[in-house]
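Heads up: the structure comes next, in structure tokens.
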Amino acid sequence: QVQLVESGGGLEQPGGSLRLSCALSGRMFSLFSMAWFRQTLGKEREFVAAIDQNAAKISYADSAQGRFTISRDNAKNTVSLHMNDLKPDDTAVYFCAASYSPIPTRYESTYQVWGQGTQVTVSS
């Protein structure tokens, strides 16, 4: 059974930084493309960043480009999202997701396994 567990959310001031992490159970982490999405109340889940199996292909939403960095450590079965220069609009529940496909996408429907989410709040 494949499961994802997220951690690292919390409260930060605008301009601050926060690092989210997600651990995938099992020993075949390298077979999954991974992504981060976020969702606020009343809105659809929004793509943030994605990374392929060997970290050769990385994609970011426009809102994340230049501020967020997605990375993975296949030896530890983890994927991380380092968020820099946080803004109030970054406030959301952040979800990590895994896809059986070797090609990462920005579409929610292409990911089969989801974490429970971790709350990020950016406020002064």
Distance between modelled label sites at R45 and Q1, nm, 7 Å Cα→Cβ extension: 1.9 nm
Within the accessible area of the chain (1.4 Å probe), percent carbon and sulfur: 48 percent
Taking all pairs of distinct alpha-carbon atoms in the chain, Kirkwood radius in angstrom: 14.2 Å
For the stretch 23-123, accessible area per residue (1.4 Å probe, heavy atoms of protein chains only), Å²: 51 Å²
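The values are calculated or read from the model by the stated rules, or taken from the named source; none is laboratory data. Note that the structure is predicted; figures quoted are calculated from it, not measured. Please note: Cβ atoms are built from the backbone with ideal geometry, for glycine as well, and neighbour counts cover all protein chains shown. Only protein heavy atoms, including side chains, enter the accessible area calculation; ligands, DNA and RNA are left aside. Shrake-Rupley method; radii C 1.70, N 1.55, O 1.52, S 1.80 Å.
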